[in-house]
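**Q** Next up is a structure, given as structure tokens.
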Amino acid sequence: MRYFSPSTRGFYTLDANAGFIPDDAVEIDDNAYEDLMAGQATGQQILAGKDGMPVLADPPLPSDAELITRCKETARSLLAATDYTQAADVAGALKNASAFTDYRAALRAIFRNPVKSPKWPETPQPDWG
């Protein structure tokens with residue numbers, strides 16, 4: 001048998017947590033626990049219902065500020081992934097170096113002016129000729 005505490009949103013068992021189970025803990029059976037773990041594995045959150053019993057819920061949608069931050073982080077990461085194309089010896093060997101120049105310029109524009117839902121440029125594939 002397991003216990004769920006609404007205050008900690010944690011699970012407890014008598015074997016592992018005897019004497020340390022919060023006072024607000026409610027008893028749940030193993031099947032309910034397995035269902036909750038399966039839901040959490042697919043991205044749902046485990047929250048306390050009105051009666052204190054654990055329930056699955058979809059995570060909240062990201063805020064506009066979070067989306068803007070993710071946009072900047074993604075642009076920064078994509079730029080970093082193509083930094084190698086800017087080294088003189090690499091750029092000279094690439095047949096499509098201008099494609100990377102254009103791609104990186106588009107990423108820098110997105111980084112400077114991030115939006116919630118950017119249209120990402122297509123990543124060029126290196127042509128070593």
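Readers should treat all values here as calculations from the given coordinates under stated rules, not as data from a laboratory. As the structure is a computational prediction, the values presented were derived from the model and not from experiment. In this analysis, Cβ positions are derived from the backbone assuming ideal geometry, glycine residues included, and neighbour counts consider all displayed protein chains.
**Q** With each pseudo-label sitting 7 Å past Cα toward Cβ, what's the Leu61-Asp24 distance in nm, one decimal?
**A** Taking the simple label geometry, Leu61 and Asp24 are separated by 2.9 nm.
**Q** Hey, could you get me the Stokes-Einstein D for the chain, Kirkwood radius over alpha-carbon pairs, 20 °C and 1.002 mPa s, rounded to whole µm² s⁻¹? Intermediate values should be presented prior to the final figure.
**A** Values: Rh = 18.9 Å.
So the translational diffusion coefficient is about 113 µm²/s.
**Q** Got the relative contact order for the stretch 1-79 handy, in percent, Cα pairs under 8 Å and 6 or more residues apart? Walk me through the numbers on the way to the answer.
**A** Working: 87 pairs, mean separation 19.1, N = 79.
Across the stretch 1-79, relative contact order equals 24 percent.
**Q** Further question on the same structure: So what's the net charge close to Val55: Lys and Arg +1, Asp and Glu -1, counting the other residues with Cβ under 12 Å from its Cβ?
**A** On the way: positive: Arg9, Lys50; negative: Asp35, Asp51, Asp58.
Net local charge, Val55 excluded: -1.
**Q** Would you mind giving the three semi-axes, in whole Å and largest first, of the ellipsoid equivalent to the stretch 64-112 according to its Cα gyration tensor?
**A** Working: eigenvalues 132, 18, 7 Å².
Rounded to whole Å, the semi-axes are 26, 10, 6.
**Q** Hey, another quick one. How much length is gained if the chain between Glu122 and Arg70 is pulled fully straight, taking 0.36 nm per residue apart and subtracting their Cα-Cα distance, in nm to one decimal?
**A** Details: separation 52, 0.36 × 52 = 18.72 nm, distance 1.81 nm.
Extra length available between Glu122 and Arg70 comes to 16.9 nm.
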